[in-house]
Amino acid sequence: MDLTVLYRGPLSSCDFDCPYCPFAKRRDSREQLRADRAALERFTGWAAGQTGDRLRILFTPWGEGLVRSWYRRALVELSRLPQVERVAIQTNLSCRTDWLAEADPGSVALWCTYHPGQTPYERFVAKCGELAERGVRFSVGVVGLPEHREDARRLRAGLPSHVYLWVNAAEGHTYTDAEAAEWTGIDPLFPYSRHPHRSAGLPCRTGESVISVDGEGTVRRCHFVRAELGNLYDGSYRAALRPRACPLAVCDCHIGYVHLETLPLYDVFAGGVLERIPAVAPPPAVPGTTGA
């Protein structure tokens, strides 16, 4: 089986205090952290046993995973498995980077988000430099809030030219054409994020070759559709995998709409879908109304 797995365990604590995030500075109890660690180790054990499959794994924790040793260890261990083509995680990059020396740089990758006001610019850029020196695949991005625009421009200028800087449209924010043009000048692929994508009834890879898994092993087609397909650990999900149309009116998150078959994003991000790295760098410009 050729399968992409988005894993999100119970972890919901974060060391940042972003005003646009409901999990900012949230703390998990010791019991919650132990449960998250056990769930992740169970998932890693499952992946290690899938010797007949080809896996691509993206960790999408509600909180910050890489400040926890078990997430760093999981990425190292999974990167070394021959059946794991890619293992990546969404992170604010507040952790150290030396642990990556133990990982296979051919399969490990990071999806890094810069949060202005939460970490010094120089520290964040320095860590990006460390990743580049280690040969680790990574992308960097920001939330497209008006107050972040100059920080994003500064970041684009400070990053190595081959590093893709993406911009996520801020939730609930409407962009004028002029504002969208400014963000597109920073991220040529911003038009894909600017508007929610109409998805109802359209074919999507989720539920067929892409699944979402929680800490209990419950399998769903994606993070945004609650219907269950079975359980990862008893194998019951496999019989439910098949082509499916999206049941939602719109899809407005990159980790969801990137899998829509009506969009060309598997070609745009060929070889880097999980870590959000385009096949061509710098990416080509895109018409300003894509996905509207």
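What the table shows:
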quantity	calculated
Long-range tail of P(r) for the range 137-196 (Cα pairs > 16 Å, %)	36 percent
Relative contact order (%) - criterion: Cα under 8 Å, at least six apart; region: the range 44-110	37 percent
Projected-area mean, the range 39-99, by convex hull of Cα positions, square nanometres	4.0 nm²
Residues with amide H under 5 Å from that of Cys204, placed H, sequence gap 5 or more	Arg244, Cys246, Glu261
Extension gain (nm, one decimal) between Arg154 and Asp2, 0.36 nm per residue minus Cα-Cα	50.8 nm
Rounded to whole Hz, the Karplus (6.51, -1.76, 1.60) HN-Hα couplings of the range 186-195, x for glycine and proline	8, 10, x, 9, 4, x, 5, 8, 4, 10
Solvent exposure ordering (accessible area, 1.4 Å, most first) of Thr262, Thr97	Thr262, Thr97
Placed amide H near Phe59: partners under 5 Å, 5+ positions off or other chain	Tyr7, Ala88, Ile89, Gln90
Residue-normalised accessible area of the chain, given per residue in Å² at a 1.4 Å probe	44 Å²
Mean separation of Cα contacts under 8 Å (6+ apart) over length of the chain, as relative contact order %	17 percent
Alpha-carbon spread of the range 171-286, three principal axes, descending order, Å	50, 29, 25
Phi to ³J(HN,Hα) by Karplus 6.51 cos²θ - 1.76 cosθ + 1.60 over the range 81-92, Hz, x for Gly, Pro	7, x, 7, 9, 6, 8, 10, 9, 8, 7, 8, 8
Length-normalised contact order for the range 92-239 - Cα pairs under 8 Å, 6+ apart - percent	14 percent
DSSP-loop GluC sites (Glu not before Pro) across the range 171-256, with at most 15 other Cβ within 10 angstrom	Glu171, Glu216
Probe 1.4 Å, all protein chains present, accessible-area order of Phe190, Phe224, largest first	Phe224, Phe190
Gaussian network model of the chain, springs between alpha carbon atoms under 10 Å - residue of Phe59, Phe138, Phe269 with greatest fluctuation	Phe269
Cα-projected label distance for Arg27 with Glu41, points at 7 Å along beta-carbon direction, nm	2.4 nm
Convex hull of Cα atoms in the range 102-230, direction-averaged projection (nm²)	10.7 nm²
The chain - mean residue ellipticity at 222 nm from DSSP helices (-39,500 (n - 2.57) per run, n ≥ 4, rounded to 500)	-7500 deg cm²/dmol
Per residue Cα convex hull volume in Å³ - calculated over the chain	122 Å³
Solvent-accessible surface (1.4 angstrom probe) belonging to Thr174, in square angstrom, nearest 10	120 Å²
Candidates Ala270, Ala227, Ala88, ranked by Gaussian network fluctuation over the chain, Cα under 10 Å, top entry	Ala227
D (Stokes-Einstein, µm²/s), Kirkwood Cα radius, the range 1-146, 1.567 mPa s at 4 °C	82 µm²/s
Isotropic mean projected area of the C-alpha convex hull, the range 197-257 (nm²)	3.8 nm²
Residue order for Trp70, Trp166 - accessible surface, 1.4 angstrom probe, largest first	Trp70, Trp166
Modelled label reach - Ser236, point 7 Å along Cα→Cβ, the range 199-221 residues with backbone N closer than 11 Å	218-219
Accessible area (Å², 1.4 Å probe, nearest 10) - His173	60 Å²
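The values are calculated or read from the model by the stated rules, or taken from the named source; none is laboratory data. Predicted model only: the values in this text are computed from it and were never measured. Positions of Cβ are generated from backbone atoms using ideal geometry, with glycine treated the same way; all protein chains shown enter the neighbour counts. Just so you know, the surface numbers come from the protein's heavy atoms only, side chains and all, with ligands and any DNA or RNA stripped out. Shrake-Rupley method; radii C 1.70, N 1.55, O 1.52, S 1.80 Å.
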